[in-house]
Amino acid sequence: MEIKLTRCSTKAELQQILDLQKKNHLQNVDADEKEKEGFVTVSHTLELLTEMNGACPHIIAKDQDKVVGYALCMHPRFGNDVEVLKPMFVEIDAVIPKGDPYMVMGQICIDKEYRRRGIFRKLYETMKNTLQPNFTSIVTEVDATNLRSLEAHYAVGFEELKTYHAGGQDWKLIVLR
């Protein structure tokens with residue numbers, strides 16, 4: 001089995017991202033799985049995902065024709081389009097110098113059957129290599145209770161910018177340079 005990393009280019013791939021997102025959404029995984037495997041917080045619409053992909057194509061991992069992982073590229077101009085992410089963009093503006101071009105990684109997810117195979121790291125490597133030199137850093141946030149995701153992000157080189165409270169929970173704002 002060979003996993004191919006590429007940029008999202010079709011509506012079918014976008015739909016597969018949404019299917020994987022739904023399967024791993026915090027509302028659809030039990031407490032034990034949240035702790036052991038992590039979860040995703042945001043649900044996107046096909047329309048928004050398509051618009052985001054048009055601005056900067058998402059990075060996907062595919063096993064033949066099946067999307068088995070993704071890292072969403074969210075240009076800062078979409079900062080007001082997802083309610084739960086609005087506070088993140090306020091916090092980014094407070095810590096990232098004006099004019100410093102960054103890309104937000106809007107969400108990352110690996111199909112459960114494909115985890116622990118290095119796909120997470122490869123998605124970020126591909127994203128970083130694809131975006132440089134136009135963007136000097138990748139910024140994202142992780143729910144402070146999602147320890148599995150935080151550990152994985154720190155392992156690939158993310159550093160904490162700050163912890164903040166929004167929407168009734170704590171968030172870790174992190175950066176990969």
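The values are calculated or read from the model by the stated rules, or taken from the named source; none is laboratory data. Computed from a prediction, not measured in an experiment: that's the story for all the values here. Methodologically, a virtual Cβ is constructed for each residue, glycine included, from the backbone with ideal geometry; neighbour enumeration extends over all protein chains shown. Just the protein is used for accessible areas: all its heavy atoms, side chains included, with ligands, DNA and RNA removed. Shrake-Rupley method; radii C 1.70, N 1.55, O 1.52, S 1.80 Å.
Applying a 4.7 Å Cβ-Cβ cutoff to the chain, the cysteines left without a disulfide-compatible partner are C8, C109. Taking the centroid of alpha carbons for each part, region 52-75 and region 13-41 are 16 Å apart.
Taking every protein chain into account, the 1.4 Å probe leaves C56 with about 10 Å² of accessible area, to the nearest ten. Amide H contacts of G106: L72, C73, M74, each under 5 Å away and 5 or more positions distant or on a separate chain (H built 1.01 Å from N in the peptide plane; Pro and chain starts excluded). Charge tally for K128 (other residues, Cβ to Cβ under 15 Å; Lys, Arg +1; Asp, Glu -1): +2. Checked against a 26 Å cut-off, the cross-linked pairs K11/K172; K86/K122; K66/K172; K4/K98; K36/K62 give Cα-Cα distances beyond that limit for K11/K172; K86/K122; K66/K172; K4/K98. When only Cα pairs below 8 angstrom with a gap of at least 6 residues are kept, region 74-177 shows a relative contact order of 26 percent.
If packing is taken as the average count of other Cβ atoms within 10 Å, what order do 44-51, 23-30 fall into, highest mean first? List each step's numbers first, then the result.
Values: 44-51: 15.4, 23-30: 13.9.
My ranking of the peptides, most packed first, is 44-51, 23-30.
Size descriptors for region 3-49: radius of gyration and Dmax over Cα atoms are 12.4, 35 Å.
List the relative contact order of the chain as a percent without decimals, with contacts defined as Cα pairs under 8 Å and 6+ residues apart. If you can, show how the numbers build up before the last one.
On the way: 274 pairs, mean separation 37.4, N = 177.
Once normalised by length, the contact order is 21 percent.
Charge tally for Y164 (other residues, Cβ to Cβ under 10 Å; Lys, Arg +1; Asp, Glu -1): -1.
Rounded to the nearest 500, what is the chain's calculated 222 nm mean residue ellipticity when only DSSP H runs of at least 4 contribute -39500 (n - 2.57) each, over all residues? Provide the component values of the computation, followed by the final result.
Values: 6 runs with 62 residues, N = 177.
-10500 deg cm²/dmol, from helical runs alone.
Given axes a ≥ b ≥ c from the Cα gyration tensor, I'd like to know whether region 91-177 is rounded (a/c under 1.5), prolate (a/b larger than b/c) or oblate. Walk me through the numbers on the way to the answer.
Working: a/c = 2.29, a/b = 1.12, b/c = 2.05.
The shape class here is oblate.
What net charge is computed for the residues neighbouring N80, neighbours being all others with C-beta under 13 Å from the C-beta of N80, Lys and Arg scored +1, Asp and Glu -1?
Numbers: positive: R77, K86; negative: E51, D81, E83, D93.
Around N80, the surrounding residues sum to -2.
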